1. Just to confirm a number: summing +1 for Lys and Arg and -1 for Asp and Glu over residues other than ALA70 whose beta-carbon lies under 14 angstrom from that of ALA70, what do you get?
2. Order of HIS67, HIS145 from fewest to most other C-beta atoms within 10 Å?
3. If each DSSP helix of 4+ residues adds -39,500 (n - 2.57) and the sum is divided by the residues in the chain, what number results at 222 nm, nearest 500 deg cm²/dmol?
4. Would you order THR94, THR23 from fewest to most other beta-carbon atoms within 10 Å of each residue's own beta-carbon?
5. Based on other C-beta atoms within 10 Å, arrange ASP254, ASP157, ASP236 from fewest to most.
6. Report the local net charge at ASP59: Lys and Arg +1, Asp and Glu -1, summed over other residues whose C-beta lies under 14 Å from its C-beta.
7. Which of the aspartates and glutamates could be linked to LYS226 by a straight reach, that is with a Cα gap under 14 Å, when you skip same-chain ones fewer than 8 residues away?
8. Which entries in LYS16/LYS65; LYS223/LYS257; LYS65/LYS274 show an alpha-carbon gap greater than 23 Å?
Amino acid sequence: MSRLASVFANLPQGHKAFIPFITAGDSGLDNTYELMLTLVANGANVIELGVPFSDPMADGPMIAKSHERAVAAGVSLRDVLALVKKFRAVDNTTAVVLMGYLNPIEVYAAHSNAEKSGYQAFATDASASGVDGVLVVDMPPEEAHDLKQSLDATGVDFIFLVAPTTTDARIEFLATIASGFVYFVSLKGVTGAGHLDIDVVKNNLSRIRQYINLPVGVGFGIKDAKTAKAISENADAVIVGSSLVAFVEQYADDKAKMLESVGNLANEISCAIK
């Protein structure tokens with residue numbers, strides 16, 4: 001059983017998984033490491049690490065700026081894998097998912113010194129570092145065969161997004177390639193935007209489950225414990241990003257306050273979805 005599968009299988013009855021998102025290297029890799037430990041201490045079951053990229057087109061202003069800061073600091077995918085390996089030295093239970101864009105993976109594959117070709121070097125190194133899943137925002141499922149093959153060979157789950165506009169036919173196709181869990185984008189648009197309609201989310205989750213027999217996490221637009229609780233009534237996992245990243249930006253020069261603020265919000269959300 002994969003670490004992600006184990007997370008969902010071992011949740012206490014009635015509990016939902018809490019999946020916080022932070023951008024790796026935003027405010028420094030050492031701070032990201034401490035944030036990961038803080039999130040786990042405050043209820044995180046899975047951590048989504050954003051892989052810095054210069055053109056994060058699916059992300060709203062808050063997360064886009066975190067990418068900009070990490071890119072400006074020179075944080076690479078190789079650095080992110082080293083960070084996960086460091087985290088694995090102290091935590092072998094919490095699942096870690098890399099969320100990002102195709103370009104950094106292609107650059108990594110192109111510059112790898114390994115004899116493995118294409119995506120194999122990335123998949124092998126990701127698995128060795130302790131990565132459990134990969135979500136590539138801008139990779140169409142129809143073009144994902146080669147990456148999926150490499151990830152499958154190393155036991156890394158391939159996670160896909162489903163949007164309100166995703167057709168039933170596309171969802172049925174995703175059922176043949178997705179693993180770990182499915183990420184339902186609860187809003188049209190970018191991260192951190194808009195107002196959640198709980199009924200719309202509920203109806204879409206029912207639609208997804210007609211075709212996909214995997215846990216379904218819901219993200220985009222979940223900012224606080226109240227919203228998280230409402231979403232958790234129907235979702236298998238609640239994914240929160242922008243409101244946590246906001247604290248990283250706000251307290252970039254005060255690590256203690258950053259960790260405290262992130263920890264408090266994470267604790268409020270994780271307690272709300274139990």
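1. Working: positive: LYS65, ARG69, ARG78; negative: ASP26, ASP30, ASP55, ASP59, GLU68, ASP79, GLU249.
Its environment carries a net charge of -4.
2. Details: HIS67 25, HIS145 10.
Sorted ascending by nearby Cβ count, the order is HIS145, HIS67.
3. Working: 12 runs with 127 residues, N = 274.
Using -39500 (n - 2.57) per qualifying helix, the result is -14000 deg cm²/dmol.
4. Numbers: THR94 19, THR23 34.
Listed from fewest to most nearby Cβ atoms, that is THR94, THR23.
5. Working: ASP254 11, ASP157 22, ASP236 19.
In order of increasing Cβ crowding within 10 Å: ASP254, ASP236, ASP157.
6. -4
7. Counting by Cα, and skipping residues close in sequence, LYS226 has these aspartates and glutamates nearby: ASP197, GLU268.
8. On the way: LYS16/LYS65 29 Å; LYS223/LYS257 19 Å; LYS65/LYS274 32 Å.
With Cα atoms farther than 23 Å apart: LYS16/LYS65; LYS65/LYS274.
Only the coordinates and a few stated rules stand behind these numbers; no lab work does. Remember, it's a predicted structure, so these values are computed and weren't measured experimentally. Here the Cβ is made from the backbone with ideal geometry for all residues, glycine too, and neighbour counts use every protein chain on show.
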